[in-house]
Amino acid sequence: MKKGMLFDGSKCIACRACQVSCKQWSKLPAVPTINRGTYENPPKLTAYTWNRIVFSELEKNGKKKWLFTRRACMHCSQAVCVWVCPSYARGYDPRGYVTVDQKRCVACGRCVEYCPFQIPKLGRDDICGCDTLKETPPRLVSYTCTFCKDRLEDGGIPACAKTCPSQAIQFGEPSNLIKQGQIRVNLLKATHPKANLYGKKEMGGLTVLYVLTEEPSIHGLPENPQMGTYPPFDQCTFPAWYSQAIFGGDLPNFPSGADPAWYMQPGIAPAPCPVEPILKKLFVRSKSGGWAPILWGWLGLGGIGAFAAVVWSLRRRKTLEEGKQENNDA
Amino acid sequence: MTNHWNDIANADVILIMGSNPAENHPISFRWITRAIEKGAKLVCVDPRFTKSAAKAHIYAPLRSGTDIAFLGGMIKHILENNLIQKEYVVEYTNASFLVDENFKFADGLFSGYDAKKRSYDRSTWKYQLDANGIPKMDKTLQSPHCAYQLLKKHYSRYNLDLVSQITGTPKDDLVKVYKAYAETGKPDKAGTILYAMGWTQHTVGTQNIRTMSIIQLLLGNMGMAGGGVNAMRGESNVQGSTDYGLLFHILTGYNPTPRASDKTLNDYNGKYTPKTKDPKSFNWWKNRPKYMISFLKAMYGNAATKENDFGYGWLPKLDDTQNASWLMIFDQMAKGKFKGFFAWGQNPACSGANANKVRMAMETLDWMVNVNLFDNETGSFWKGPGKDPSKIKTEVFMLPCAASFEKEGSLSNSGRWMQWRYKAVSPPGKAQPDLEIMHELFLKVRKLYKEKGGTFPEPILNLSWNYGAKNPDGTIKHIDAHYVAKEINGYTSKDIEVEDPKTKVKTVMVKTGQQLPSFAFLQDDGSTTCGNWLYCGSYTEAGNMAARRGKEDPTGLMLYPQWAWCWPVNRRIIYNRASVNWEGKPWDPKRPVLSWDGTKWVGDIPDGPPPPGAIYPFIMLPEGHARLFGLGMAEGPFPEHYEPLECPIEKNLMSSQKFNPTARLFGEAGMGVGADKYLSCDPRFPFVCTTYRVTEHWQTGVMTRWTPWLLELQPQMFIEISKELAQERGIKSGEEVMVKSARGEIWAIAVVTSNLKPFKIAGQTIHQVAIPYHFGWVTPPDGGDSANLLTPTIGDANTMIPESKAFMVNVGKKGGIG
């Protein structure tokens, strides 16, 4: 059964209980902030902040407006992040929302770069549940709103929808939400002629629909988001640990719920498959090259390993020296 | 609140003035939003374009401290366009009452003013009485002495031009607001007012609310679903704290604190029990002796006997003219009149007006006990900014206490619901619930009195203290909130018989030792014990009513009579008898709070006994009619506009009385310690400033500033200024600026915004600025300090609440202001 959310900007009072409940439920640490001359904070979405209310002041014909708009994952039905993810870390839940399997994520940053809403962010893989902000990443992974998957599985609703005092965030069946949203828009037209329901068609339909009182661009949303065209994925940037993960056998699965047709659009074919050729090169004798590619493959891997070992030991030494220096300073 | 939070959803027009519910009472917006979805109009009047204003259909700006002028104009609009609900006004208010012919008003002053005492002789503020002692009425409302005509005359002066010049509100906006709200004068329309500290924290705070009460009566909105005068409280249990007499001038259930000249219980009851000769006047407070004696029994138990005036002599008394409110306490403390101080669940070093004075006053103490969840600016005042710990003698004790989730008990919300709460988790470390701290403290104090004696030990030794199951030796095993709640409800020590008026047969309604079902059973002979008559009925033989969680809603108005318990007698909307006409028919048939079906009332619990027409609806007043002409206010029977003590204009445009003639100034002889400075119309402090709260922080921030998720959202002290002022002063948004008043100086981050606009006041351009008050120097380190370092020590003439919503400041770049 598909589930969705309706954010009604005309009802949002910017109390930001959704921001706090999001962090509380997912145990995301607070970030140190300063006042930058606005109510808005934290200043941007990060791996530590998956949901945020954007404040915009407007003056139209002498009439003042103050808009509050939610900025978080839209959970597109045809999601660019799923499409461009080379490691199939992003996929769809049968309930309709976008999932991230952080074990598979290679932190290539393509979802960060190509999301038309600029939502995904990279951060170290162990931030959830920590009390304080951690700075240096041992391994980066991609983060977005999880739609409170764990709450849904227990029969609950996402934390932001649960906490919203003015019921600006509704959770339910997408078809009902569209109806409900349309009723709100029709009512709002009397006072807000530009009122519209955003997300009915965008990106194959957004799991998070918006009732907006102004044009989307005024709310900071793209007017007509598209799948777009993307350069093929560069397989050379695969980190070593990722190659190891391949042996686990999880990676080649096609993301559940994704439409294979999206990957086949002319001119924007998915990146030359990074997985199969490497596997083949390592273990299977090719028709043309005999055993040579395998040999070269292993040698290559060995070379990468040796290089990594050198780099690692150099960095290690540097860290130790720095540590000593600090001790001396102390 | 006369109504309830969820009743806001029943309103046709919602006026937000003196409050910002979207920011400070977010849950109220669940009901406001529902009302809007049903077609209600939301009107917001505020110096700033707030989050509430962002959701409103109509927004009108006004300069801080000019609400009476704004609303005075609305009264004029309603009266001159004849938009009142006539039948309601004639029958249920004192509009028709004839007022003493010597009552006068001229140039901002009512008859009886004594400039020396800064107070009124109120002898002409009274009704004309007939031979039977009943007020004379003129139901045609034509007599020049009737309250209605006096009201009309008084507010005829508040014309649009003058009001606009005083408030700075454009005339179009005034008319828009007046028209929208006056719509609710139709019998089947209801308008509600949501106010908070934006109305109370003024030298004319009480009169701000009086003005709106007059409007609500003229439009017939009191007692109605979706109507009422609704004070949104600033704390979850602040309603409870006033119900239980936490203020100096009242005991539990709003019984006045005895004064020195009230020597005996007879003196007390004689003085505070009103009388009426009108048979239709229910005169609720005729029961005062029953409430008071039952309260004394709760205080002193078996030691309270008829012979010793039920221990009345043991109650503490105030001197006859003594005012012991907050500002006075710290003024006395500054003069060295206190040895010790319990700062219990509060943070005066940040919350008190003129906080520098408060912080200085605490240096005179020998000891202080700080009971709180976290360290705060009060407990650590001795190491605060500008203090030299080696020169401060005060010994400070910190007692960590439990948070609301860590203890069991009740709280009373703004809508008067007493709701029972359960303990969710145990308090951390050695923190204890307040009740346990008090219990331990009392036992120690009593032991000391027993062993060592002392002056006047009787009130301590005779205090009844049975709040828990007992050991064989009579000591309490463990203090228990249920025992406290049961005593508050009360019980009887002898059978109570009630006589059937028809058959004359007497039956025992309440047996000896049983919990009382309602305050109707309270006696004045010492046979009943009741800690707070208002809460009688909350913990009966049927159990703890506050713990009920029934979701039935028979009226469809969201009264939920089976959910928790509401004082008085589970009445959800007070003055509900005014929602029906003399025949018992509801004014608004779509939303009937009450209706008479021919034999009984249907709906909410009615005010007073059946049948309809038997009594006047405003049962708490001896005349039974709501007061357009008020008798009890310090400033006079009709609210009048006076400027705030610190204001930007030389002259009050309404009269030559610039400032509230009855507000007490700390500059007077015998008051103040030199820390009380005021500068009005001073070029050094040209901008009007108001303080306010934000969603993310609570009060002085003692709990929220220690919560990283909240601090992330609002990390630092800031000041909102208009784009025009920023340009004038060369200030950029996000820049650190200095804010200075006659009393102190703080830094703040400038938030330059179009939410504030300069006002045109009496031909001049006046800038308004606004600052939140949640910050303090203890934490976070770069968060800034309290807005109350700037606010003045001047109080409302009736309540002494400080005027922290309108005072004068300067703002400039660092080093840019002198």
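Figure the gain on full extension for B:Glu183 and B:Lys590 (residue separation times 0.36 nm, minus the Cα-Cα span) and round it to one decimal in nm.
Working it through step by step, the gained length comes to 144.9 nm.
Which whole number gives the average count of other chain Cβ atoms within 10 Å of the Cβ atoms across peptide A:23-36?
Mean number of neighbouring Cβ atoms from other chains: 4.
Under 1.5 on a/c is rounded, so check that first for the range B:84-223, then, if it is not, pick prolate when a/b is larger than b/c and oblate when it is not; a ≥ b ≥ c are the square roots of the alpha carbon gyration tensor eigenvalues.
oblate
Out of all DSSP beta bridges with both ends in chain B, state the antiparallel percent to the nearest 5.
Taking every DSSP beta bridge with both residues in chain B, the antiparallel ones total about 55 percent.
Around B:Ala542, under 13 Å between beta carbons, what's the net of Lys plus Arg minus Asp minus Glu among the other residues?
Charge balance near B:Ala542 sits at +1.
I need the Debye-formula profile for the range B:131-187: one equal scatterer per C-alpha, no solvent, reported as log10 I(q)/I(0) at q = 0.17, 0.19, 0.26, 0.31 1/Å, two decimals.
The Debye formula, applied to the Cα set alone, gives -0.77, -0.85, -1.04, -1.11.
Would you mind giving the three semi-axes, in whole Å and largest first, of the ellipsoid equivalent to the range B:454-597 according to its Cα gyration tensor?
Its equivalent ellipsoid spans semi-axes of 36, 21, 15 Å.
Filter the GluC sites (Glu not before Pro) in the range B:552-641 down to the DSSP loop ones having no more than 15 other Cβ atoms within 10 Å, then list what survives.
Those satisfying the criteria are B:Glu552, B:Glu583.
Determine the calculated [θ] at 222 nm for the protein assembly as shown from helices alone, applying -39500 (n - 2.57) to every DSSP H run no shorter than 4 residues and normalising by the residue count; nearest 500 deg cm²/dmol.
Roughly -7000 deg cm²/dmol at 222 nm, from the helical runs in the protein assembly as shown.
Can you give me the pair-distance distribution of the range B:498-560, C-alpha pairs, 10 Å bins, whole percents?
17, 37, 29, 16, 0
Output wanted: per-residue J couplings in Hz (rounded whole) for the range B:778-787, from phi through Karplus 6.51 cos²θ - 1.76 cosθ + 1.60, θ = phi - 60°, x for Gly and Pro.
5, 7, x, x, 10, x, x, 10, 6, 4
Tell me, rounded to the nearest percent, the portion of alpha carbon pairs in chain B spaced more than 54 Å apart.
That tail contains 10 percent of the Cα-Cα pairs.
Starting from the amide H of B:Ile719, placed 1.01 Å from N in the peptide plane, find each other amide H under 5 Å away whose residue is 5 or more places distant or on another chain.
Amide H to amide H, under 5 Å and 5 or more residues apart or across chains, B:Ile719 pairs with B:Ile749, B:Ala750, B:Val751.
How large is Rg over Rh for the range B:382-539, taking Rg from the Cα atoms and Rh as the Kirkwood inverse mean of 1/r across Cα pairs?
Checking Rg against Rh, the ratio lands at 1.10.
For the peptides B:411-424, B:390-403, what is the packing order when you average, over each peptide's residues, the other Cβ atoms within 10 Å and list the highest mean first?
The densest-packed peptide leads the list: B:411-424, B:390-403.
Determine the shape class of the range B:576-716: with a ≥ b ≥ c the square roots of the Cα gyration tensor eigenvalues, call it rounded for a/c under 1.5, and otherwise prolate if a/b is greater than b/c, oblate otherwise.
oblate
Take every Cα-Cα pair in the range B:441-525 and report what % of them are more than 20 Å apart.
Across the range B:441-525, Cα pairs with separations above 20 Å total 55 percent.
Let me understand the range A:40-177 better: what is its radius of gyration from the alpha carbons, and its Dmax, in angstrom?
16.5, 53
Loop-only check: which GluC sites (Glu not before Pro) in the range B:76-163 are DSSP coil with at most 11 other Cβ within 10 angstrom?
Within the range B:76-163, the qualifying GluC sites (Glu not before Pro) (loop, at most 11 other Cβ atoms within 10 Å) are B:Glu101.
On each of the three principal axes of the Cα atoms of the range B:1-148, give max minus min coordinate, whole Å, ordered largest first.
Cα spread of the range B:1-148 along its principal axes, largest to smallest: 54, 40, 28 Å.
Expressed in nm to one decimal, what extension gain is obtained for the pair B:Lys263 and B:Ser754 from 0.36 nm per residue of sequence separation less their Cα-Cα distance?
Taking B:Lys263 through B:Ser754 to full extension adds about 170.8 nm, to one decimal.
Could you give the spread of the C-alpha atoms of the range B:688-779 along their three principal axes, from largest to smallest, in whole angstroms?
46, 25, 21
What distance in nm lies between label points placed 7 Å from Cα along the C-beta direction at A:Lys189 and B:Lys339?
About 7.7 nm, to one decimal.
Over the alpha-carbon set of the range B:190-328, work out the extent along each principal axis and list the three values in angstrom, largest first.
Extents along the principal axes: 52, 43, 28 Å.
Through the Karplus equation 6.51 cos²θ - 1.76 cosθ + 1.60, θ set to phi - 60°, convert the phi angles of the range B:547-562 into ³J(HN,Hα) values in whole Hz; use x for Gly and Pro.
Along the range B:547-562, the couplings run 8, 5, 9, x, 10, 5, 9, x, 7, x, 9, 6, 7, 6, x, 9 Hz.
Shape call for the range B:513-601 from the C-alpha gyration tensor, a ≥ b ≥ c root eigenvalues: rounded (a/c under 1.5), prolate (a/b greater than b/c) or oblate?
oblate
Give the relative contact order (percent, whole number) for the range B:543-625; include only Cα pairs under 8 Å separated by 6+ residues.
Contact order relative to length: 22 percent.
Regarding the protein assembly as shown, what is the average projected area of its C-alpha convex hull, in nm²?
Mean shadow area of the hull around the Cα atoms is 54.6 nm².
Explain nothing, just compute: Karplus ³J(HN,Hα) = 6.51 cos²θ - 1.76 cosθ + 1.60, θ = phi - 60°, for every residue of the range B:719-732 in order, whole Hz, x for Gly and Pro.
Values per residue, Gly and Pro as x: 9, 8, 10, 6, 4, 5, 5, 4, 5, 4, 9, x, 9, 9 Hz.
Calculate the mean, over all residues of peptide A:57-69, of how many other protein chain Cβ atoms lie within 10 angstrom of the residue's Cβ.
Mean partner-chain Cβ count within 10 Å for A:57-69: 3.
Do you know the relative contact order of the range B:616-758, to the nearest whole percent, from alpha carbon pairs under 8 angstrom that are 6+ apart?
Rounded, it is 16 percent for the range B:616-758.
Amide H to amide H, which residues 5 or more places from A:Gly37 or on other chains are under 5 Å from it, using H placed in the peptide plane?
Residues meeting the amide H criterion: B:Gly734.
At most 12 other Cβ atoms within 10 Å and a DSSP loop assignment: could you name the GluC sites (Glu not before Pro) in the range B:302-384 that fit?
Qualifying residues, ordered by number: B:Glu307.
Counting only other chains, and only Cβ atoms inside 10 Å, what mean value do you get across the residues of B:706-717?
For this peptide, the per-residue mean of nearby foreign Cβ atoms is 6.
I want to check the label-to-label distance for B:Cys681 and A:Lys64. Put each point 7 Å from Cα in the C-beta direction and report it in nm to one decimal.
So the label points at B:Cys681 and A:Lys64 sit 2.8 nm apart.
Pairs B:Lys317/B:Lys444; B:Lys677/B:Lys814; A:Lys149/A:Lys201; A:Lys121/B:Lys407; B:Lys117/B:Lys306; B:Lys153/B:Lys723: which are spaced more than 31 Å apart, C-alpha to C-alpha?
Beyond 31 Å: A:Lys121/B:Lys407; B:Lys117/B:Lys306; B:Lys153/B:Lys723.
The numbers here are math on the coordinates, done by the rules we state, and not lab data. Note that this is a predicted model, so its numbers are computed, not measured. Virtual Cβ from ideal backbone geometry, glycine too; neighbours counted across all protein chains shown.
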